[in-house]
1. When residues of region 230-242 are filtered for being farther than 17 Å from ASP147 by Cβ and at pLDDT 95 or above, how many remain?
2. Find the residue count for region 193-242, including only residues that are open to solvent by less than 50 Å² (accessible area, probe 1.4 Å) and of a type outside the set (Gly, Ala, Ser).
3. Which of the residues belonging to region 193-215 are under 11 Å from GLU155 (Cβ atoms) and of a type in the set (Gly, Ala, Ser)?
4. Criterion first (at pLDDT 85 or above, of a type in the set (S, T, N, Q) and either assigned to a loop (DSSP other than H, G, I, E, B) or exposed (fewer than 11 other Cβ atoms within 10 Å of the Cβ) (or both)) does ASN119 satisfy it?
5. Only one residue in ASP163, ASP192 is closer than 23 Å to ASN106 by Cα and free of Cβ contacts under 8 Å to residues at least 40 places away in the same chain. Which one?
6. Got a number for residues in region 166-186 being open to solvent by 40 Å² or more (accessible area, probe 1.4 Å) and in contact (Cβ under 8 Å) with a residue 12 or more places away in the chain?
7. Just name the residue that is most open to solvent (accessible area, probe 1.4 Å) out of those in region 122-139 that are of a type in the set (S, T, N, Q) and more than 46 Å from the chain's Cα centre (by Cα).
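The values are calculated or read from the model by the stated rules, or taken from the named source; none is laboratory data. Remember, predicted model here, so these are calculated numbers, not experimental data. Every residue, glycine as well, gets a Cβ built from its backbone with ideal geometry; the counts of neighbours run over all protein chains shown. What goes into the accessible areas is simple: the full protein's heavy atoms, side chains included, and nothing from ligands, DNA or RNA. Shrake-Rupley method; radii C 1.70, N 1.55, O 1.52, S 1.80 Å.
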Amino acid sequence: MTDRDLDELLGRIPVPAYDVRDDVARGTTRLRRRNGTLSAAGLVLAATVGTALVLHGGTGPSTAPHYAGRPSVSATPEQPSPSPVTSSEPAVVRPSPEARAIPPANYDEAVPVLRAWRNVLAEHLGDRVRWAQNSQSGGEAIGSKYDWAGGGMLELMVGRRWDDIAGFVGFVGNERTTFRGLQARTWTDGSDRLVSVRHRDGTVVSLYASTSFGNNGTSTDTLGVTQQALLRAAADPRLRLP
């Protein structure tokens, strides 16, 4: 069969009428249907995501819904409270004015205290310290005059100020020094000696040794006691107000 025969055969086959506008209309209709389907699917997806967000409490730092038997859980984790910082050093406890020790109210109450102090002094200075049945007090201080070395005098004053002793002997220590880490003051005039020591709790103990016991009208030739011995006795922590 030649090409001419093919052309004649194709010419005999009936071809239906064809309009391009119809094809365009059909394509437009299909495109609109597809866009509508996609829009509906987008709405369904948005509704599904929105429902999930509501059930899970959203993405912000809000509080989850309460369920029976389960406490609410915060979206933001709570930070643990910092532990208090403690110091390894011991706290310094200072007594209040109401709790501060005071001298005995009268002589009868003072006698046991003064006798006990005499025994403390005797441990440092020897048995030449003897109870003389004497009591002195003023303000927050109390003391006594003890017989010393067969005619001399040893005067003790326990208070909280350097000048507590001044009300009884007329002066205070004029030489400032330290003894075993404690503040101290001393005074010397010939054979007479005065020492004062401030204890760590604030108590000030003063000892005045003299060759003459004026009240008794007696005296001794020598004290026979050193300044260091007096300082050791004054620094004894048992010499404090009750």
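1. Residues that pass the stated criteria total 8.
2. Residues in region 193-242 being open to solvent by less than 50 Å² (accessible area, probe 1.4 Å) and of a type outside the set (Gly, Ala, Ser): 19 in total.
3. Once the filter is applied, which keeps residues that are under 11 Å from GLU155 (Cβ atoms) and of a type in the set (Gly, Ala, Ser), region 193-215 yields SER206, ALA209, SER210, GLY214.
4. In short, no.
5. ASP163
6. Number satisfying all stated conditions: 9.
7. Per the criteria, the residue is GLN133.
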